[in-house]
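See structure below.
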Amino acid sequence: MKFNTIVVIQCRYSSSRLLGKAVYPLSGIPMLIFLIRRLKISLPENLFQIILATTNNSTDDIIYVWGKSENIPVVRGDEKDVLKRYIQTLKEYPAQTIVRVTADNPLTCPEIIKCLVKKQQEQNADYAFCENLPYGTASDIFSYNLLVSLDKEIVSAIEREHINLHVLNNIKKFKVTFTNATGKMARPDLNMTVDTISDWYRVKALFDQNEKEPWKITLSEAIKRMDKSSL
């Protein structure tokens, strides 16, 4: 079955700033599995296919196993050339719209994904993003044509690793659409990503150890809990 939209979770064990952060638990659940379940319950499976894109390194065998345990496809490819990994994913799972999600953002907001995909498709945009959300809750939306053209154009190692960088640095070259978070969601002062050990402690503190289905937390509830947290 060909999906119109694929959601690609990029993940590798060998993070330079926090080794193995994908396995760090939130409410007793590895962060990667937390994120997969969060996306699966909110994104209709007839419209969105969730795919895990990891590396060929043996250290990422556990990432592969966890993806398979959650019944999602897993694509393995180059560690540093993330763009190449996305192109490989597109060859195996063709789609017109690609959502980029990083595994260090367990509180990525599925509702924002749906909003951005709708906007990107309605406007036939190359790229879509949302501003003013808490750091670590947003995602990037790419068109198929944009990713293919970036793969042909980009030679810089840093831009091939961080695949949105070239677009953001050359935004006038592309048809870009964006939305601004408003109201209680407009909290760019909050950091919900997990990039360091202190980040993990801060996000971990939002959940009880035995909380039932913690991945169902809404972004507004996460904001409320973080405002009350002392970390």
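Placing unit charges on the Cβ atoms of the charged side chains and taking the dipole of the chain about its Cα centre, the candidate lying farthest along the positive direction among P94, C130, V82 is C130. In the structure shown, do any of K84/K204; K21/K68; K80/K175; K119/K173; K114/K173 have a Cα-Cα gap over 22 Å, and if so which? Too far apart for the 22 Å limit: K84/K204; K80/K175; K114/K173. Say R0 is 22 Å: what FRET efficiency, to the nearest 0.05, do K68 and K91 get from their beta-carbon distance? So, using R0 = 22 Å, E works out to roughly 0.65. Ranking of V194, V75, V176, V65 by neighbouring Cβ atoms within 10 Å, starting from the fewest: V65, V176, V75, V194.
Viscosity 1.002 mPa s, temperature 20 °C: Stokes-Einstein D of region 7-77 from its Kirkwood Cα radius, in µm² per second?
On the way: Rh = 12.4 Å.
Translational diffusion coefficient: 173 µm²/s.
Taken about its Cα centre, the chain carries a charge dipole of about 300 debye when Lys and Arg each add +1 at the Cβ and Asp and Glu each add -1 at the Cβ.
Seen from a random direction on average, the alpha-carbon convex hull of region 5-228 projects onto 11.7 square nanometres.
So which GluC sites (Glu not before Pro) in region 1-107 pass both tests, a DSSP loop state and at most 13 other Cβ atoms within 10 Å of the Cβ? Show your work: numbers first, answer last.
On the way: sites: E45, E70, E79, E92; in loops: E45, E70, E79.
Counting only loop positions with at most 13 other Cβ atoms within 10 Å, the GluC sites (Glu not before Pro) in region 1-107 are E45.
Residues within the reach of a label modelled at L47 (point 7 angstrom out along Cα to beta-carbon, backbone nitrogen below 20 Å), restricted to region 99-121, are 99-101, 108-121.
Placing a pseudo-label 7 Å from each Cα along the Cα-to-Cβ vector at L190 and V148 gives an inter-label distance of 4.0 nm.
Estimated from helices alone, the mean residue ellipticity of the chain at 222 nm is -10500 deg cm²/dmol (sum of -39500 (n - 2.57) over DSSP H runs with n ≥ 4, per residue). Seen from V194, the other residues with C-beta closer than 12 Å to its C-beta sum to a net charge of +1, counting Lys and Arg as +1 and Asp and Glu as -1.
Counting other C-beta atoms within 10 Å, and keeping those with at most 12, which DSSP coil trypsin sites (Lys or Arg not before Pro) do you find in region 176-231? For trypsin sites (Lys or Arg not before Pro) across region 176-231 that sit outside H, G, I, E and B with at most 12 neighbouring Cβ atoms in 10 Å, the list reads K212. Taking the three principal axes of the alpha carbon atoms in region 145-231, the coordinate ranges are 47, 30, 23 Å, sorted in descending order.
Values quoted throughout were computed directly from the atomic coordinates according to the rules given, and no laboratory measurement underlies them. Please read all numbers here as calculations on a predicted model, not as lab measurements. Every residue, glycine among them, receives a Cβ derived from its backbone with ideal geometry; neighbour counts consider all protein chains shown.
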